[in-house]
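Q: For reference, the structure I am asking about is given below.
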Amino acid sequence: MDKITLDRINTFHPDFREKLLAEYTECNNKLLGKGVRLRFAYVYRSIEEQDKLYAKRPKVTNAKGGQSIHNYGLAFDIVLLYDNDGNGTFEEASWSLRKDGDKDGKADWMEVVDYFKSKGWEWGGDWKSFKDYPHFQLKKEDGSSYNWRELKSKLDNKNFIINEGIKYPVL
């Protein structure tokens, strides 16, 4: 298991942390082969962190602070780590959609995508207007997407819970 990712999962919306942890664990332990590890590059992002990413060039995100589902603890971005020399250090970070590091005949990235989609997550690679291949976000129980305006309104109207100093909308 990846301690960095485990720490980041602890910033996910408290109502869904256990679900995300269980799925992350299953994906790593049962899906990805030896020498491949899933890491969450981002989970929760503060408004300030989001604004800094928005200001970066070349462009990193289309969302200003408050406009990202990350700002509400309901999204995560992935990267795959590879232990190329077999010594357990995972020296390569990859965003390749095609690499098959565990040599099982299927691209590792797409194995992760298929897994999380099968668990009901929305994948940014399926979006029509903008492709965000590392991005996954929680869907509502009815299968629809969360809207940042709705989530922001909950925080603005003090309809939130505080956990570890982070405000999360009540869902």
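Q: Just from its helices, what would the mean residue ellipticity at 222 nm be for the chain, if runs of 4 or more DSSP H residues each count -39500 (n - 2.57) and the sum is divided by every residue, rounded to the nearest 500 deg cm²/dmol? Don't skip to the end; give the middle numbers.
A: On the way: 5 runs with 46 residues, N = 171.
For the chain, the value works out to -7500 deg cm²/dmol.
Q: With each pseudo-label sitting 7 Å past Cα toward Cβ, what's the residue 150-residue 162 distance in nm, one decimal?
A: So the two model labels end up 2.7 nm from each other.
Q: Another question, then. Each residue of region 120-129 in turn: what ³J(HN,Hα) in whole Hz from Karplus with 6.51, -1.76, 1.60 and θ = phi - 60°, glycine and Pro shown as x?
A: Once θ is set to phi - 60°, the couplings for region 120-129 become x, 7, 8, 10, x, x, 8, 5, 7, 7 Hz.
Q: Quick one: which residues, 5 or more positions from residue 120 or on another chain, have an amide H under 5 Å from its amide H? H modelled 1.01 Å from N in the peptide plane, none for Pro or chain starts.
A: Amide H to amide H, under 5 Å and 5 or more residues apart or across chains, residue 120 pairs with nothing.
Q: Taking amide hydrogens as modeled 1.01 Å from N in the peptide plane, which residues meet the under 5 Å criterion relative to residue 73, leaving out close sequence neighbours?
A: 45
Q: Between residue 160 and residues 5 or more places away or on another chain, which pairs have amide H atoms under 5 Å apart, with H built 1.01 Å from N, and which residues are they?
A: 170
Q: Go through 118, 136, 5 and say which Cα lies farthest out towards the positive end of the charge dipole of region 3-169; charges sit on Cβ, +1 for Lys and Arg, -1 for Asp and Glu.
A: So the residue furthest toward the plus end is 136.
Q: Find which of 84, 68, 153 sits farthest along the positive direction of the dipole of the chain, computed with +1 on the beta-carbon of Lys and Arg, -1 on that of Asp and Glu, about the Cα centre.
A: Towards the positive end, the residue furthest out is 153.
Q: Further question: Within 10 Å of each residue's Cβ, count the other Cβ atoms and sort 19, 59 from fewest upward.
A: Working: 19 14, 59 9.
Going from least to most buried by this count: 59, 19.
Q: Tilt of helix 108-118 relative to the longest C-alpha principal axis of the chain, in degrees (0 to 90, nearest 10)?
A: With rounding to tens, the tilt is 40 degrees.
Q: If the label point is 7 Å along Cα→Cβ of residue 118, which residues in region 5-33 have backbone nitrogen under 19 Å from it?
A: In region 5-33, the label zone of residue 118 (backbone N under 19 Å from the point 7 Å along Cα→Cβ) covers 19-33.
Q: Report ³J(HN,Hα) in whole Hz for each residue of region 7-15, in order, from the Karplus equation J = 6.51 cos²θ - 1.76 cosθ + 1.60 where θ = phi - 60°; Gly and Pro get x.
A: Along region 7-15, the couplings run 5, 5, 4, 5, 9, 6, 3, x, 5 Hz.
Q: Hey, what D do you get for region 68-150 in µm²/s if you plug the Kirkwood alpha-carbon radius into Stokes-Einstein at 4 °C and 1.567 mPa s?
A: On the way: Rh = 14.2 Å.
In µm²/s, the coefficient is 91.
Q: Between residue 87 and residue 129, what is 0.36 nm times their sequence separation minus the Cα-Cα distance? Round to one decimal in nm. Each step should come with its number before you reach the end.
A: Numbers: separation 42, 0.36 × 42 = 15.12 nm, distance 4.11 nm.
Taking 0.36 nm per residue and subtracting the Cα distance, the gain is 11.0 nm.
Q: Between region 79-118 and region 4-76, what is the C-alpha centre distance in whole Å?
A: Going from one Cα centre to the other spans 17 Å.
Q: For region 24-38, take each phi angle, set θ = phi - 60°, evaluate the Karplus expression 6.51 cos²θ - 1.76 cosθ + 1.60, and give the result in whole Hz per residue in order, putting x for glycine and proline.
A: My calculation for region 24-38 gives 4, 4, 4, 4, 5, 7, 10, 9, 7, x, 4, x, 10, 9, 8 Hz in order.
Q: Then there's this: Based on Cβ point charges of +1 for Lys and Arg and -1 for Asp and Glu, what charge dipole magnitude is obtained for the chain about its Cα centre, in debye rounded to the nearest 20?
A: Working: 29 positive and 28 negative charges, 128 e Å.
Magnitude of the dipole: close to 620 debye.
Q: Would you mind checking the radius of gyration and Dmax of the chain based on alpha-carbon positions, in Å?
A: 16.2, 52
Q: Follow-up question, since we're still on this one. Only counting other Cβ atoms within 10 Å, I'd like 108, 83 sorted with the fewest neighbours first.
A: With the sparsest Cβ surroundings first, the list reads 83, 108.
Q: Mind sorting 79, 112, 60 by how few other Cβ atoms lie within 10 Å of their own Cβ, fewest first?
A: 60, 79, 112
FYI, it's all coordinate maths here, none of it is from the lab. As the structure is a computational prediction, the values presented were derived from the model and not from experiment. Backbone-built Cβ (ideal geometry, glycine too); neighbour counts: all protein chains shown.
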